[in-house]
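All remarks here apply to the structure that follows.
The values are calculated or read from the model by the stated rules, or taken from the named source; none is laboratory data. As the structure is a prediction and not an experimental result, all values here were calculated from the model. Counting neighbours? That spans all protein chains shown, and the Cβs are built from the backbone with ideal geometry, glycine included.
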Amino acid sequence: ESVASSGPDKYLDDILTHLDGIYESFEGTLGPDNCREIERFLMLRSIDTNWVQHLTSMENLRQGIGLQAVGQRDPLVMYRKEGHEMFQGLQQRIQDDVSHTIFRTGEMPLNMNSNHSKSSPKRGRRQSEMATAPRSNGAKRTGAKVGRNQQCPCGSGKKFKRCCGLAA
């Protein structure tokens, strides 16, 4: 009964209050300046990625808008309408990407430090081991080099470029 009487607005308020608390703790651990820098970086990255997709979608819309004339609609009006809807979708995707990434990475700085300190000694050993390890030059060819237009040595009768040369 309490669920029906409280309504969805109460739950929405509770969720927003909880998210505000998470964001404030995120801002408290990183500091306001670092938090703004992260937000700026995420916003620019999201705009860059989504803008390229938006331009591609607009180009596809422009190429296909002529079909609207067949349906007895003004192509220019439909292009404006659909372009506006796509732009609103772009803005929503940017907001969603940034907010999702901020809340997803809220715990990341703490985890990055612990993972980074654990992996640093291993990385140093791997690099030193690789520097001292002898290098292998891969498989050695036993026969003479086969030209692209010569017959394939496998015996198929085809040119090398059409037979075993395709795999190389």
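For region 81-117: of the residues being among the charged types (D, E, K, R) and surrounded by 12 or more Cβ atoms within 10 Å (Cβ to Cβ), which is modelled with the lowest pLDDT?
At the first step, the residues of region 81-117 found to be among the charged types (D, E, K, R) are 81-82, 85, 93, 96-97, 104, 107.
Adding the requirement that they be surrounded by 12 or more Cβ atoms within 10 Å (Cβ to Cβ) leaves 81-82, 93, 96-97, 107.
Values: LYS81: 94, GLU82: 94, ARG93: 95, ASP96: 93, ASP97: 93, GLU107: 55.
In this case the residue turns out to be GLU107.
With respect to SER120, is the statement that it is assigned to a helix (DSSP H, G or I), small (Gly, Ala, Ser), modelled with pLDDT under 55 and under 29 Å from ILE38 (Cα atoms) true? Step through it out loud before you land on a result.
Details: assigned to a helix (DSSP H, G or I): yes; small (Gly, Ala, Ser): yes; modelled with pLDDT under 55: yes; under 29 Å from ILE38 (Cα atoms): yes.
Taking the combined requirement at face value, the residue satisfies it.
One line per residue, one yes/no per condition, for (1) surrounded by 11 or more Cβ atoms within 10 Å (Cβ to Cβ); (2) among the hydrophobic types (A, V, I, L, M, F, W, C); (3) under 20 Å from ILE94 (Cβ atoms):
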| residue | (1), (2), (3) |
| --- | --- |
| PHE26 | yes, yes, yes |
| ILE38 | yes, yes, yes |
| ASN50 | yes, no, yes |
| THR56 | no, no, yes |
| GLU59 | no, no, yes |
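Please find, among ILE22, ILE15, the residue that is part of a helix (DSSP H, G or I) and surrounded by 12 or more Cβ atoms within 10 Å (Cβ to Cβ). Please lay out each step first, then the result.
Working: ILE15 fails: surrounded by 12 or more Cβ atoms within 10 Å (Cβ to Cβ).
Answer to the selection: ILE22.
Evaluate region 61-72: report whether one residue or more is within 18 Å of THR101 (Cα to Cα) and either out of contact with any Ser or Thr (no Cβ under 8 Å at 6 or more places or on another chain) or surrounded by 14 or more Cβ atoms within 10 Å (Cβ to Cβ) (or both). Before you say what the answer is, go through the steps one by one.
Residues of region 61-72 within 18 Å of THR101 (Cα to Cα): none.
Within region 61-72 (the criterion being within 18 Å of THR101 (Cα to Cα) and either out of contact with any Ser or Thr (no Cβ under 8 Å at 6 or more places or on another chain) or surrounded by 14 or more Cβ atoms within 10 Å (Cβ to Cβ) (or both)), the answer is no, since none of the residues qualifies.
Of the numbered conditions (1) over 27 Å from the mean Cα position of the chain (by Cα); (2) at pLDDT 85 or above, GLY143 fails exactly one; give the number of that condition.
Against the list (1) over 27 Å from the mean Cα position of the chain (by Cα); (2) at pLDDT 85 or above, GLY143 comes up short only on (2).
Can you list residue pairs whose Cβ atoms sit under 6 Å apart, with the first residue in region 71-96 being in contact (Cβ under 8 Å) with a residue 12 or more places away in the chain and the second being hydroxyl-bearing (Ser, Thr, Tyr)? Count only pairs 6 or more apart in sequence or on different chains.
Listed pairs, sorted by first residue: MET86/SER57; ILE94/SER46.
When region 60-103 is examined, which residues are found to be over 24 Å from GLU24 (Cα atoms) and of a type in the set (Ser, Thr, Tyr)?
Answer for region 60-103, where residues must be over 24 Å from GLU24 (Cα atoms) and of a type in the set (Ser, Thr, Tyr): just TYR79.
Surrounded by fewer than 10 Cβ atoms within 10 Å (Cβ to Cβ) and at negative phi, is that true of PRO8? Full working, then the answer.
On the way: surrounded by fewer than 10 Cβ atoms within 10 Å (Cβ to Cβ): yes; at negative phi: yes.
Criteria met by PRO8.
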